[in-house]
Each structure stands twice: as structure tokens, then as C-alpha cells.
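S.K.: Please read through the structure below; I'll follow up with questions.
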Amino acid sequence: MADRFFPNEMPDYIPETSGIISETADGLTKLLHLPFKSVCELLKNSALDLKDAVVRETWINSEKRVQDYTLYTGALGTAFLLFKAYQVISDKHDLALSSQIIKACDSASRASKNVTFICGRSGVCALGAVVAKQAGDEHLFSHYLSEFNQCHWSEQIRLPSDLPYELLYGKVGFLWSCSFLNKHIGEGTVSNSTMREIFADIIKAGRNSGKGRCPLMYEWHGKKYWGAAHGLAGILHVLMDMQMTTDEQEDVKSVLRYMIKGRFPSGNYPSSEGSESDRLVHWCHGAPGITLTLAKAYQVFGNKEFLQAAVDAGEVVWNRGLLKRVGICHGISGNTYVFLALYRITGDAKYLYRAKAFASFLLDKSQRLIAEGFMHCGDRPYSLFEGLGGTAHLFFDMIETAEARFPAYEL
């Protein structure tokens, strides 16, 4: 297992009042002892540099042509990063460039049959509408909303019947787009009846597949996944943004209890039903994505058992989450969001320190480790989910932790 992550040799917690560190200390140690605000100033500078590098590599050097339009590994991820930069820094150039890239993604995705936020056309239209609204472009805003409506579930136009249910490629991924629009534009932008119809279909399918102790179950490519990207954690995370009946709430809570009971002795979670491989500590598979879902469950239901399970899973991420990759899907950047979420729901300064520690590790060591071949920058090294685009997004989120959310997962 250890070949997947670096040993975490950082102190479990260093209070903000820990005092001055020796000048002979290494760079990471100095960062860990700096006040949070001081580290955030360094992260801000790095985020701006990384953002410029991402734009250069994914947009300018491609001569502003889009081959991969998706948020996951393509140009829409760059547009999403620029929108995050605008939200934090308020540079209107970032907003204008985000809009320009989204227009190119709009053209590139017109023939796409994928309908999710992360990997499909609804992400282009939803983000396009939000950015256009922010820019005050009513014509473009109306265009993207109209195009979004061409994707969605209605009496005339239904989501494909063979569409799976998971987050990256399935119905839950489209439902997240609806919630994203309603959050950033206003409740009712996508009607409750539209969302409820999709929600009810997801619940019905889960009940039909669920057996015994687990009332909801879903398959993707023949496996019953548990994680955020393709499985139960991601599906439940999105469902909890909806108004649920008492029976539906009990189903969701029962699935979470089933998963908690099925943890490995290490505290990590299987990637799929029946798996005995305790290897993956990623957002997509394993404790990180499930921690975020458990934290959400505590916020929604108030059950202390979900808070405790989230805290327990967070320890796995602290101990085994310094992955030899930078990205948010399966890298240190994504795992850092676990501590930001735990800090948000507990107020415990330990988690803010741990987020600072993981971010500081990236700031101090990632470039050297990548250059020396000890760390992987992703197959698409400047993308949002695999590469440095995600690191830049995290660094911007560290500046305003109250607003920090895992991209395209936490609302």
C-alpha cells in the first residue's frame, strides 16, 4: 500500500501560537509553523501562477481549440477554475476568459450524448448560465438555460433509459447540475417537479437492486461501487440535497450505516461491494469521498454517528492520504478537501491545520517530486480533476475556507 502514498511525518497538530521555528528548519516545517493567514498568502501567489499555467497549457497553446470539453480533464475544467479565481480575487478578466472558454465548449459538446456536470453537456450549459449571469449577459444566460433544458427530463425529452445512476456519467450527475443552477441562479431555476422525477427514478432503481441490509444499491459496469465517482457515496451525496420523505431518509441513513459497518479494520472503505482490497484512499474510491458524504449526512440529519464516522474516516486520510499524485480525483489536492469539510462542521482547529499541512506539502514539495519522478501529475497534467488545475482550485479555496467546496461534488 505504501507505494501509493508518502508517509505522513508531519505533526498531528501544531497550534497557531506555537512560536518561531528555527531558521535551519526545512521549508515544509517552516510552513507548518507559520500562521494560517501567512501560508494562505503564499498559496494565493501560487494559485495565480498555476492558474496562468493552466490557461496557457490548456487554452492558449491549443490555439483556443477544444478537443476535450469536459470538466474532468478538458477545457471546461479551466473555465471552472477561472470562475473560482474570479469568486476569490474578483478579477473580471478571469470571468471574461471563463465565458470565452465555455463558448468553445458549447460548440464542441453539441453532439455529445453525455449529460452530467463533470463529463457531459449539462455541465457546459449550467456553468455557462452561471458565468453569464454573473457577467450580466442576459442573452447568453438565456441561451445556456435553453440549451440546458434540451438535456433534461421532461414529458417530451427524457434522459436516456440506459443511463446509469452514478455521478460521472449517470442520472445523479445530471441532478447535480440542476442543484448547481438552483444554488447559483435561484431556487426554481430547474423546477422541483423535474428534479423530483429524476430523484424518484434513482430511488426506485436503488430499491429494486437493494437487498437485505442495504435498501439501495446501484451497479456501474457490472460492479456495485461504494465510492464518490461511480458508487453509493456519490449518489447519496447528491440525493441529500433534495427534500426527502421519511422513508427515503431512512433508506439513505440505512445505506450509510451499512457502509460504516462494512469498513475495513483500518477504517478505510472498500471500492466496491465485496472487495477485500484495502488500497485506495482517493476521492473516487475509498475514505476521502465517503468522508465528505458522511459529513454531509451529519449536516442533513444531525446524527452524531455520521459525524463520528466522518471523523474516523478523516484519520485514514490524514495517515494515508499524501498520495503520490496531485489531482483532486485521486491525489493530495482532493484529499485536502476532507479536512476543510471536517473543519466546517466541527470548528476544530486541528482540521484547519491539517488542510494547511496537506496544502503546504503540495506547495513545498510537489514540483520537485514531479520533476524527480516520485510524484505523478496526471495523464492530463493541467486538468481540473487529474492535474494542477485541481491544485490551483484548492489553493484558491484555502484563501476563503468558509466557501471551500470540492468541485462538482459539494454545493
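The values are calculated or read from the model by the stated rules, or taken from the named source; none is laboratory data. Everything numeric in this text was worked out from a predicted model, so none of it was measured. Virtual Cβ from ideal backbone geometry, glycine too; neighbours counted across all protein chains shown. Accessible surface is based on the protein model in full, side chains and every heavy atom, while ligands, DNA and RNA are left aside. Shrake-Rupley method; radii C 1.70, N 1.55, O 1.52, S 1.80 Å.
S.K.: Quick one: check the C-alpha center-to-center distance for region 347-397 versus region 60-131, whole angstrom.
M.R.: Rounded to whole Å, the Cα centres lie 22 Å apart.
S.K.: Further question: Using amide H atoms built in the peptide plane, which far-off residues or other-chain residues are under 5 Å from His376 H to H?
M.R.: HN-HN under 5 Å from His376: Arg325, Val326.
S.K.: Quick one: accessible area per residue over the chain, 1.4 Å probe, rounded to a whole number of Å²?
M.R.: The answer is 41 Å² per residue.
S.K.: Right, something else. At 1.4 Å probe size, put Glu386, Glu276 in order of accessible surface, largest to smallest.
M.R.: Descending accessible area places them as Glu276, Glu386.
S.K.: OK, next. Ranked from highest to lowest mean number of other Cβ atoms within 10 Å per residue, what is the order of the peptides 255-263, 123-131?
M.R.: 123-131, 255-263
S.K.: Given the DSSP H assignment, sum -39500 (n - 2.57) over each helix run of at least 4 residues in the chain and divide by its residue total; what's the result at 222 nm in deg cm²/dmol, nearest 500?
M.R.: Taking each H run of at least 4 residues, the total per residue is -18000 deg cm²/dmol.
S.K.: Now, a different point. Using the basic label-point model (7 angstrom from Cα toward the beta carbon), what is the Ser112 to Arg196 distance in nanometres?
M.R.: If labels sit at Ser112 and Arg196, their model points lie 3.0 nm apart.
S.K.: Still on this structure: Protein chains only, probe 1.4 Å: how do Asp397, Asp201 rank by accessible area, largest first?
M.R.: The residues order as Asp201, Asp397, largest area first.
S.K.: List the lysines whose Cα sits under 17 Å from the Cα of Lys51, skipping any in the same chain fewer than 8 residues away.
M.R.: Counting by Cα, and skipping residues close in sequence, Lys51 has these lysines nearby: Lys64, Lys84, Lys92.
S.K.: Compare Asp251, Asp49, Asp278 in a GNM of the chain, Cα atoms joined below 10 Å, and give the one with the largest fluctuation.
M.R.: Of Asp251, Asp49, Asp278, the most mobile in the Gaussian network model is Asp49.
S.K.: Further, regarding this structure: How large is the accessible surface of Arg196 in square angstrom, using a 1.4 angstrom probe and rounding to the nearest 10?
M.R.: Rounded to the nearest 10, that gives 70 Å².
S.K.: Can you list residues from other chains, or at least 5 along the same chain, whose modelled amide H is less than 5 Å from the amide H of Cys214?
M.R.: Here the answer is none, since no amide H 5 or more places off falls under 5 Å of that of Cys214.
S.K.: Probe 1.4 Å, all protein chains in place: accessible area of Asp379 in Å², nearest 10?
M.R.: Asp379 exposes around 120 Å² with every protein chain in place.
S.K.: To continue, here is another question. Quantify, in whole percent, the carbon and sulfur part of the accessible surface of the chain (1.4 Å probe; protein heavy atoms only).
M.R.: 47 percent
S.K.: With r defined as the distance between the Cβ atoms of Asp91 and Lys223 and R0 fixed at 41 Å, what FRET efficiency is calculated, to the nearest 0.05?
M.R.: For Asp91 and Lys223, the calculated efficiency is 0.40.
S.K.: Just to check I understand the Karplus step: with θ = phi - 60° and J = 6.51 cos²θ - 1.76 cosθ + 1.60, what whole-Hz values come out for region 398-411, glycine and proline as x?
M.R.: 3J(HN,Hα) across region 398-411, in whole Hz: 5, 6, 10, 5, 5, 9, 5, 9, 4, x, 6, 9, 8, 8.
S.K.: Further question: Near Lys223, which lysines are there with a Cα under 27 Å away, not counting those fewer than 8 places off in the same chain?
M.R.: Of all the lysines, those that pass the test against Lys223 - Cα under 27 Å, at least 8 places apart if same chain - are Lys113, Lys171, Lys204, Lys211, Lys253, Lys261, Lys296, Lys324.
S.K.: Could you work out which residue, out of Gly74, Gly334, Gly222, moves most in a Gaussian network model of the chain, that is, has the largest mean-square fluctuation with Cα springs under 10 Å?
M.R.: Comparing Gly74, Gly334, Gly222 in a Gaussian network model of the chain, the most mobile one is Gly222.
S.K.: Further question: Of Ser62, Ser266, which has the most accessible area with a 1.4 Å probe, and how do the rest follow in descending order?
M.R.: Final ranking, largest accessible area leading: Ser266, Ser62.
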